[in-house]
1. Would you check which residues across the stretch 72-93 are more than 14 Å from the ligand (Cβ to nearest atom) and in contact (Cβ under 8 Å) with a residue 60 or more places away in the chain and list them?
2. So, in the stretch 1-42, how many residues would count as being within 16 Å of the ligand (Cβ to nearest atom) and either at pLDDT below 95 or part of a loop (DSSP other than H, G, I, E, B) (or both)?
3. Identify, from the list Pro201, Pro228, Pro272, Pro208, the residue that is free of Cβ contacts under 8 Å to residues at least 24 places away in the same chain and surrounded by 14 or more Cβ atoms within 10 Å (Cβ to Cβ).
4. If only one of Leu167, Leu171, Leu124 is within 15 Å of the ligand (Cβ to nearest atom) and more than 23 Å from Ser237 (Cα to Cα), which one is it?
5. Working only within the stretch 129-150, note down all residues that are away from the ligand (no atom under 16 Å from the Cβ) and either in contact with a Cys (Cβ under 8 Å, 6 or more places away or on another chain) or without any contact (Cβ under 8 Å) to a residue 60 or more places away in the chain (or both).
6. So which residues in the stretch 43-59 are in a helix (DSSP H, G or I) and either of a type in the set (Gly, Ala, Ser) or more than 14 Å from the ligand (Cβ to nearest atom) (or both)?
7. Determine whether Asp113 is charged (D, E, K, R) and within 12 Å of the ligand (Cβ to nearest atom).
8. Somewhere in the stretch 176-185, is a residue within 30 Å of Gln6 (Cβ to Cβ), of a type in the set (Asp, Glu), surrounded by 21 or more Cβ atoms within 10 Å (Cβ to Cβ) and under 17 Å from the mean Cα position of the chain (by Cα)?
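The values are calculated or read from the model by the stated rules, or taken from the named source; none is laboratory data. Because the structure is predicted, anything quoted here is derived from the model rather than measured. Note that each Cβ is placed from the backbone with ideal geometry, even for glycine, and that neighbours are counted across all protein chains shown.
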Amino acid sequence: MAQEKQHKHFLVIAAASRGARFFIKKALRQGHDVTALCRATHDEAALERINRLLEETSLAKGGVKASQKPGVLRTSSKSILEAKTYSSLLKNDPSINHICCFVGATTFRQMIDRNERLYTKTILALVEGMRRSRWVEFFYHGSSGSEGIPGENTARLPENFRPRWILNLGLKLPAAQNCFESEKILAKAGAEGLQFVIFRPAWLTTAPAQRSYGYCFDTTGMNKEELPLRAARKTISREDVAEEILRVANLPHEERAHWHGHGIYLVDMKTPKDLQDP
Ligand SMILES: NC(=O)c1ccc[n+]([C@@H]2O[C@H](COP(=O)([O-])OP(=O)(O)OC[C@H]3O[C@@H](n4cnc5c(N)ncnc54)[C@H](OP(=O)(O)O)[C@@H]3O)[C@@H](O)[C@H]2O)c1
């Protein structure tokens, strides 16, 4: 597929997350610049933290082709929950032309606390920050369990997730509900000019990239032509998700336009061996 040559500068939110580490390492390797936002006592400590995490992250062979000139990494320890973080970064650095977000609840308390609202707080701050500065194309690492076009999305797991009644309880957790709610904020901002893509990966694993995943837009189905769930597993590795976000970001703009405003389910496809098993 055609790839765009445009140099990119990604602002990465929650850059220390396990998925973001793969994304940042691959983007830098491909020659793109990255400004990484992560929790740290100050900006230099953020740089130390990200550099250490990148060193610890090994990439599966193949995949992203290395550029002769790797990109430049910058870091910031500013709060991801404040609009002024985004407005000041976007005003001060006009080269930032894409934003990716990997924020996620990391503790059980964060998952069950109704007042936490981590996802909506992050997305509201980002949207307000862009409103005060400029709109920048946005790639959101969301979650499976959200079905439908963003804005009209409802909480429902893909049909091949079983036992459904137990797993559907997980969707009632405040963190999950809040994650799905954050899609609605993006859909509203879409009407103001924000171009965004929401990735909804299946269960995440730490396995190396397999590069045998499929994707479908907005809704899943056992027999959906784009991605029949009958032929899909229920997992995908974080490294595969990172590669897919980077691949989409590298598509020519007119191709990316087909992705804007959509929620993309990502999952590994079954191998011939899986298909033999009943
Ligand atoms: N588990 C699954 O199977 C699954 C499936 C699909 C989607 N997801 C979703 O995928 C996303 C990314 O997954 P992941 O595994 O890469 O994430 P992760 O490793 O759990 O990292 C989440 C990141 O969010 C940051 N964060 C949390 N609260 C914050 C706050 N108040 N301020 C600043 N940063 C904050 C954490 O920062 P610190 O590092 O400083 O703690 C952490 O780096 C999450 O939204 C997750 O819910 C998960």
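1. Within the stretch 72-93, Leu89, Leu90, Asp93 qualify.
2. Taking the stretch 1-42 and keeping what is within 16 Å of the ligand (Cβ to nearest atom), we get 10-27, 34-42.
The next check asks that each one be either at pLDDT below 95 or part of a loop (DSSP other than H, G, I, E, B) (or both); those that pass are 14-17, 38-42.
The qualifying residues number 9.
3. Numbers: Pro201 fails: free of Cβ contacts under 8 Å to residues at least 24 places away in the same chain; Pro272 fails: surrounded by 14 or more Cβ atoms within 10 Å (Cβ to Cβ); Pro208 fails: free of Cβ contacts under 8 Å to residues at least 24 places away in the same chain.
Just a single option satisfies the conditions, and that option is Pro228.
4. Only one candidate qualifies: Leu124.
5. Of the stretch 129-150, the ones away from the ligand (no atom under 16 Å from the Cβ) are 130-137, 148-149.
Matches in the stretch 129-150: Arg132, Ser133, Arg134.
6. Going residue by residue through the stretch 43-59, those that are in a helix (DSSP H, G or I) are 43-56.
Listed by number, the residues that qualify are Asp43, Glu44, Ala45, Ala46, Leu47, Asn51, Glu55.
7. Working: charged (D, E, K, R): yes; within 12 Å of the ligand (Cβ to nearest atom): yes.
In short, yes.
8. Yes, there is a match, as at least one residue in the stretch 176-185 is within 30 Å of Gln6 (Cβ to Cβ), of a type in the set (Asp, Glu), surrounded by 21 or more Cβ atoms within 10 Å (Cβ to Cβ) and under 17 Å from the mean Cα position of the chain (by Cα).
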